[in-house]
1. Quick one: which strands (runs of 3 or more DSSP E) lie wholly within segment 20-100 and hold at least 2 residues that are loosely packed, with under 13 Cβ neighbours inside 10 Å?
2. Filter segment 5-19 down to the residues that are in a strand (DSSP E or B) and under 19 Å from residue 64 (Cβ atoms), then identify the one that is most open to solvent (accessible area, probe 1.4 Å).
3. Between a residue in segment 18-32 that is closer than 14 Å to residue 96 by Cα and any residue that is polar (S, T, N, Q) and part of a strand (DSSP E or B), which pairs come within a Cβ distance under 9 Å, given they are 6 or more apart or on different chains?
Amino acid sequence: SKISVVHCFYFRGGAELLFDGVKKHQVTLPCQPEPWDIRNLLKWIKQNMLKERPELFMQGESVRPGILVLINDADWELMGELDYKLQDQDNVVFISTLHGG
């Protein structure tokens, strides 16, 4: 069986407010037959980590516009976005670029 993998997720720029104000989360994802991709990860985050106002983080099955996603310090657009397969020890950073008044 596959080993559960630990990943670090970071929420910055105000996004952390949707996660009890916690900026860094070390998460062990449950084992599953297929490798985790960002699409499944976002569903899991929404179900297991998001504390309030999911509409400020998610839109459909992706992050909403205005949230920058970095995978190991690279823009996720260069990595395949939702289809990117998570690797062991990946760091995923979500940065909100929205600043409300």
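The values are calculated or read from the model by the stated rules, or taken from the named source; none is laboratory data. Keep in mind the model is a prediction, meaning the values are calculated, not measured. Every residue, glycine as well, gets a Cβ built from its backbone with ideal geometry; the counts of neighbours run over all protein chains shown. SASA here: full protein model, heavy atoms, side chains in, ligands and nucleic acids out. Shrake-Rupley method; radii C 1.70, N 1.55, O 1.52, S 1.80 Å.
1. Strands (runs of 3 or more DSSP E) meeting the threshold: 24-29.
2. Looking at residues that are in a strand (DSSP E or B) and under 19 Å from residue 64 (Cβ atoms), I get 12.
3. Close Cβ pairs (under 9 Å, with a partner that is polar (S, T, N, Q) and part of a strand (DSSP E or B)) amount to 18/96.
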